[in-house]
Amino acid sequence: MENKLQAVSTNNLNKGYGAQKSASRVEALKNISLEIGFGEMFGITGPDGAGKTTLFRILTSLLIPDSGEANVLGMDVVKDFRKLREKIGYMPGKFSLYGDLTVDENLSFFASIFKSNIKDNYYLIEDIFKDIAPFGNRKARDLSGGMKQKLALSCALVHKPDILFLDEPTTGVDPVSRREFWQMLDRLKKQGITIIVSTSYMDEALLCDRIALFKEGTILSCDTPNGMISSFENTLLAVHGENMPVLLKMLRKIPFVKSAYSFGAQHHITIENNSNSFNNDKTHKIMVQSLIEIITEELQKMDAPVFHINEIIPMIEDCYLELSSSK
Amino acid sequence: MNSKELENIIVVKELVKKFGSFTAVNNISFEVKKGEIFGFLGANGAGKTTAMKMLCGLLKPTSGKGTVAGYDIATAPEMVKRNIGYMSQRFSLYDDLKVWENFRLFGGIYGMSSKEIEMVTVKMLKELGFEKERNTMVKSLPAGWKQKLAFSVAIMHNPAIVFLDEPTGGVAPEARRQFWELIYSASQVGITVFVTTHYMDEAEYCNRVSIMKDGEIEAIDTPQNLKIQYNSSSMEEVFYELAKNRN
């Protein structure tokens with residue numbers, strides 16, 4: 001036995017698709033070792049093809065790894081898969097309920113295959129299900145996107161799982177419904193359910209206890225949101241002006257600008273810090289001021305339209321872009 | 001068409017769509033100008049997709065009037081279809097065809113000549129940096145690449161306007177930004193872009209946005225003006241304020 005039981009623990013997990021050594025072989029997960037504590041809200045993010053869904057499918061016992069081990073709730077995902085499946089809730093990225101069954105029929109169906117009773121666990125899904133309950137007789141395929149998502153979550157919870165796997169639950173969901181969805185997740189977490197959720201929305205990553213950033217089958221970083229933000233090493237400036245697309249192109253032409261990305265109404269640019277160059281706030285301020293002056297000069301040389309530059313504190317999305325472009 | 005800046009490319013007046021007793025689009029009126037990037041926002045189920053389908057000539061309005069690229073959406077839907085590009089989140093390219101075959105197929109549907117198709121294919125693959133993928137089966141491309149490719153295919157016939165239905169849903173931060181740079185370059189060559197999104201930072205990239213709620217357009221203006229009007233620092237807040245106001 002290891003020192004402490006974790007909700008999820010993987011050791012050098014590998015999974016590839018396609019014949020060995022063939023040109024089309026893809027290594028979806030490479031030596032993934034990960035530990036997630038009981039009751040944790042754990043976020044997974046990363047570009048397409050990073051291996052997020054493969055990891056979900058292995059942890060939910062739907063896919064067998066090529067090598068390495070994975071334990072969920074102390075059970076081996078390969079050997080103990082039957083026992084494990086009774087304890088987990090899984091909401092796949094693709095809508096996977098029965099479109100030809102009604103809302104009520106879907107819920108009853110999932111309750112019955114888990115031999116559980118809707119009444120007993122209703123308190124767990126009440127918040128979510130009450131919005132779709134009036135449409136109990138409607139076929140699942142005729143629900144709107146937001147309602148489908150609530151039904152899928154209800155079905156994943158109806159057997160009162162100890163751990164919940166949510167694969168991009170809020171893709172295609174509007175900002176208001178997303179906020180409601182995360183409030184529901186927070187209530188589930190308070191009931192003691194461990195939640196593992198993947199997302200492409202960086203504001204959601206901020207709501208997790210810890211986040212893992214995946215890329216090409218490996219973990220680039222795994223940290224608390226604050227930990228990730230404080231490990232951002234470069235200077236970050238925000239630029240906004242009259243013609244934003246033109247401004248972005250100009251910023252990218254300045255040699256010492258490491259990266260320039262659009263962030264809504266602003267562009268964020270990073271400038272690499274020389275190690276130890278600013279060891280206190282005062283020298284840092286002077287440094288930033290002169291950077292702003294140099295960039296202003298460069299932009300003016302290019303006849304940039306009216307613009308404004310100031311220093312900002314990084315957001316999770318800045319960290320993501322920094323990490324994912326550095327390797 | 002000449003290069004008059006203020007020409008309207010979409011004109012919608014009192015457009016209504018009912019499904020039985022349910023009113024999905026309730027009397028909306030608005031205009032989109034040529035070359036604009038127009039963000040069509042709203043909550044799930046607000047009626048965006050229904051409105052967009054009518055504008056694309058795919059769904060007949062119950063009442064009201066709309067013209068797209070000069071053609072009436074009710075009486076000349078086929079002419080509308082010929083003058084637009086469309087990219088949906090769900091269906092875009094044929095997975096079982098090679099990259100060039102997708103260009104060939106869609107170019108043929110758009111009525112382009114073989115010579116034209118070949119020219120455009122070469123040009124677009126070069127712009128995307130996908131020259132090496134010409135003979136790759138679409139299904140083996142990463143999702144982010146597919147999306148960019150789907151966008152290129154949607155504008156390969158140089159339409160007056162392109163409709164994008166949640167083109168960046170579920171797309172990671174880096175790829176989303178690359179996609180928007182494609183939108184900008186399309187807009188710069190004069191293609192009007194009509195786009196829906198749930199990412200509020202992307203709403204800021206639009207020249208103007210409208211926000212739909214329960215079948216109606218609740219607000220329409222530049223992102224800057226909407227932020228002032230709703231006393232908000234971001235489009236995200238504007239969206240919440242609007243959602244709060246009624247209900």
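The values are calculated or read from the model by the stated rules, or taken from the named source; none is laboratory data. Small disclaimer: the values here were computed from a predicted structure and weren't measured. All Cβ positions, glycine included, derive from the backbone under ideal geometry; neighbour counts span all protein chains shown.
Do we have residue A:64 as among the hydrophobic types (A, V, I, L, M, F, W, C), in a strand (DSSP E or B) and out of contact with any Gly (no Cβ under 9 Å at 6 or more places or on another chain) here?
On the way: among the hydrophobic types (A, V, I, L, M, F, W, C): yes; in a strand (DSSP E or B): no; out of contact with any Gly (no Cβ under 9 Å at 6 or more places or on another chain): yes.
Taking the combined requirement at face value, the residue does not satisfy it.
Is it the case, given these coordinates, that residue B:63 is surrounded by fewer than 17 Cβ atoms within 10 Å (Cβ to Cβ) and within 24 Å of residue B:235 (Cα to Cα)?
no
Pull up the stretch B:157-189, narrow it to residues that are closer than 20 Å to residue B:32 by Cα and charged (D, E, K, R), then point me to the one that is farthest from the other protein chains (Cβ to nearest Cβ).
Taking the candidates together, the pick is B:165.
Within the stretch A:308-323, is there a residue that is aromatic (Phe, Trp, Tyr) and not assigned by TED's automatic domain parsing to the domain that holds residue A:42?
Keep residues of the stretch A:308-323 that are aromatic (Phe, Trp, Tyr), which gives A:320.
Narrowing further to those that are not assigned by TED's automatic domain parsing to the domain that holds residue A:42: A:320.
Checked the stretch A:308-323: at least one residue is aromatic (Phe, Trp, Tyr) and not assigned by TED's automatic domain parsing to the domain that holds residue A:42.
When both residues are 6+ apart or on different chains and their Cβ atoms are under 9 Å apart, which pairs have a first residue that lies in the stretch B:45-63 and is at positive phi, and a second that is buried (at least 20 other Cβ atoms within 10 Å of the Cβ) and of a type in the set (Val, Ile, Thr)?
B:47/B:25; B:47/B:28; B:57/B:68; B:57/B:73; B:57/B:80; B:57/B:84
Are any of the residues in the stretch A:211-225 more than 10 Å from chain B (Cβ to nearest Cβ) and under 28 Å from residue B:42 (Cα atoms)?
No, because not a single residue in the stretch A:211-225 is more than 10 Å from chain B (Cβ to nearest Cβ) and under 28 Å from residue B:42 (Cα atoms).
With respect to residue A:152, is the statement that it is surrounded by 17 or more Cβ atoms within 10 Å (Cβ to Cβ), closer than 24 Å to residue A:86 by Cα and of a type in the set (A, V, I, L, M) true? Spell out how you get there, then give the answer.
Values: surrounded by 17 or more Cβ atoms within 10 Å (Cβ to Cβ): yes; closer than 24 Å to residue A:86 by Cα: yes; of a type in the set (A, V, I, L, M): yes.
Taking the combined requirement at face value, the residue satisfies it.
Is there any pair linking a residue in the stretch B:97-120 that is farther than 24 Å from residue B:79 by Cβ to one that is in a loop (DSSP other than H, G, I, E, B), with Cβ under 6 Å and at least six apart or on different chains, and which?
That search, which allows pairs on different chains as well, returns B:98/B:135; B:99/B:134; B:99/B:136; B:100/B:134; B:102/B:93; B:102/B:94.
When you scan the stretch B:191-247 for strands (runs of 3 or more DSSP E) that lie fully inside it, which ones turn up with 2 or more residues that are touching a residue at least 60 places away in the same chain (Cβ under 8 Å) and hydroxyl-bearing (Ser, Thr, Tyr)?
On the way: elements: B:192-196, B:208-213, B:216-221.
Those strands (runs of 3 or more DSSP E) span B:192-196.
Of all residues being within 14 Å of another protein chain (Cβ to nearest Cβ) and in a strand (DSSP E or B) in the stretch A:28-52, which is farthest from the chain's Cα centre (by Cα)? Just the residue, please.
A:28
Can you find a residue in the stretch A:69-88 that is surrounded by 15 or more Cβ atoms within 10 Å (Cβ to Cβ) and over 30 Å from residue A:34 (Cβ atoms)?
no
Need pairs with beta-carbon distance below 6 Å; first residue in contact (Cβ under 8 Å) with a residue 60 or more places away in the chain and within 14 Å of chain B (Cβ to nearest Cβ) and within the stretch A:244-272, second surrounded by 19 or more Cβ atoms within 10 Å (Cβ to Cβ) and assigned to a helix (DSSP H, G or I); sequence gap 6+ or separate chains.
A:261/A:321; A:261/B:177
Checking the condition in contact with a Leu (Cβ under 6 Å, 6 or more places away or on another chain) and among the hydrophobic types (A, V, I, L, M, F, W, C), which residue from A:206, A:166, A:153, A:220 passes?
On the way: A:206 fails: in contact with a Leu (Cβ under 6 Å, 6 or more places away or on another chain); A:166 fails: in contact with a Leu (Cβ under 6 Å, 6 or more places away or on another chain); A:153 fails: in contact with a Leu (Cβ under 6 Å, 6 or more places away or on another chain).
From the options A:206, A:166, A:153, A:220, the qualifying one is A:220.
Would you please name the residue that is surrounded by the most Cβ atoms within 10 Å (Cβ to Cβ), looking only at residues in the stretch B:129-151 that are in contact (Cβ under 8 Å) with a residue 40 or more places away in the chain and either assigned to a helix (DSSP H, G or I) or away from chain A (no Cβ under 14 Å) (or both)? Reasoning before the result, please.
Taking the stretch B:129-151 and keeping what is in contact (Cβ under 8 Å) with a residue 40 or more places away in the chain, we get B:137-139, B:141, B:146-147, B:149-151.
Narrowing further to those that are either assigned to a helix (DSSP H, G or I) or away from chain A (no Cβ under 14 Å) (or both): B:138-139, B:146-147, B:149-151.
On the way: B:138: 20, B:139: 11, B:146: 19, B:147: 26, B:149: 22, B:150: 20, B:151: 22.
Among those residues, the one meeting the criterion is B:147.
What helices (runs of 4 or more DSSP H) completely inside the stretch B:1-115 contain at least 2 residues that are out of contact with any strand residue (DSSP E or B) (no Cβ under 9 Å at 6 or more places or on another chain) and outside the structural domain of residue B:218 (by TED's automatic domain parsing)?
Answer list for the stretch B:1-115: B:99-109.
Taking the conditions exactly as written (assigned to a strand (DSSP E or B) and surrounded by 16 or more Cβ atoms within 10 Å (Cβ to Cβ)), does residue A:55 satisfy them or not?
Values: assigned to a strand (DSSP E or B): no; surrounded by 16 or more Cβ atoms within 10 Å (Cβ to Cβ): yes.
Here the answer is no, as residue A:55 does not meet what is asked.
Please determine, by comparing only the residues of the stretch A:155-185 that are within 14 Å of chain B (Cβ to nearest Cβ) and small (Gly, Ala, Ser), which one is surrounded by the most Cβ atoms within 10 Å (Cβ to Cβ).
Ranking the qualifying residues of the stretch A:155-185, first place goes to A:177.
Could you please let me know if residue A:115 is under 28 Å from residue A:138 (Cβ atoms) and not in a helix (DSSP H, G or I)?
yes
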